[in-house]
1. List the residues whose amide H sits under 5 Å from the amide H of Ile70, counting only those 5 or more places along or on another chain, with H placed 1.01 Å from N in the peptide plane.
2. Please tell me the relative contact order of region 14-60 in percent, rounded to the nearest whole number, where contacts are Cα pairs under 8 Å and at least six residues apart.
3. For His38, list long-range residues whose amide hydrogen, built 1.01 Å from N in the peptide plane, is under 5 Å from its own amide hydrogen.
4. How large a share of the accessible area of the chain, in percent, is made up of carbon and sulfur atoms when the probe is 1.4 Å and the other protein chains stay in place?
5. Label points 7 Å out from Cα along the Cβ direction at Gln33 and Ala12: separation in nm?
6. Which shape class applies to region 1-44: rounded if a/c is under 1.5, otherwise prolate when a/b exceeds b/c and oblate if not, where a ≥ b ≥ c are the square roots of the Cα gyration tensor eigenvalues?
7. Using a Förster distance of 35 angstrom, determine the FRET efficiency expected from the C-beta separation of Gln84 and Phe44, and round it to 0.05.
8. Just the accessible area per residue of the chain, please: how many Å² with a 1.4 Å probe?
Amino acid sequence: GVPVPVPQAITAGFFYHTARLARGGYRTVKHQQPVFIHPNSALFALQPRWVLYHELVCTSKEFMRQVIEIDSAWLLEVAPHYYQ
């Protein structure tokens, strides 16, 4: 088969752990829960529009840990049933 780039492969496995940049932070895609990139993350200062996270850690806010930037088109490719 055709090799799949790693970020897209990760998106296929964790499509339900996605968030979109909104006013005042991020919101999870499916449930619109307010979440934030953890300040220790390399992406904290970059604030990409779409991200995928491995876990949420609740301290002073609900923080996303192990975050990567994704392309929103990947979500429809890997999980159209989830985002309809």
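1. Those lying under 5 Å, H to H, from Ile70 are Trp50, Val51, Leu52.
2. Computed over region 14-60, the figure is 41 percent.
3. Counting only residues 5 or more places away or on other chains, the set is Met64.
4. About 57 percent, which is the carbon plus sulfur part of the accessible surface.
5. Distance between the two pseudo-spin positions: 2.6 nm.
6. oblate
7. That pair, Gln84 with Phe44, gives E of 0.65.
8. Accessible area per residue, the chain: 64 Å².
The values are calculated or read from the model by the stated rules, or taken from the named source; none is laboratory data. Owing to the predicted nature of the structure, the values given are computational and were not obtained by experimental measurement. Using ideal geometry, Cβ is built from the backbone for each residue, glycine included, and neighbour counts are taken over all protein chains shown. To get the accessible areas, we keep the full protein, side chains included, count just its heavy atoms, and leave off ligands, DNA and RNA. Shrake-Rupley method; radii C 1.70, N 1.55, O 1.52, S 1.80 Å.
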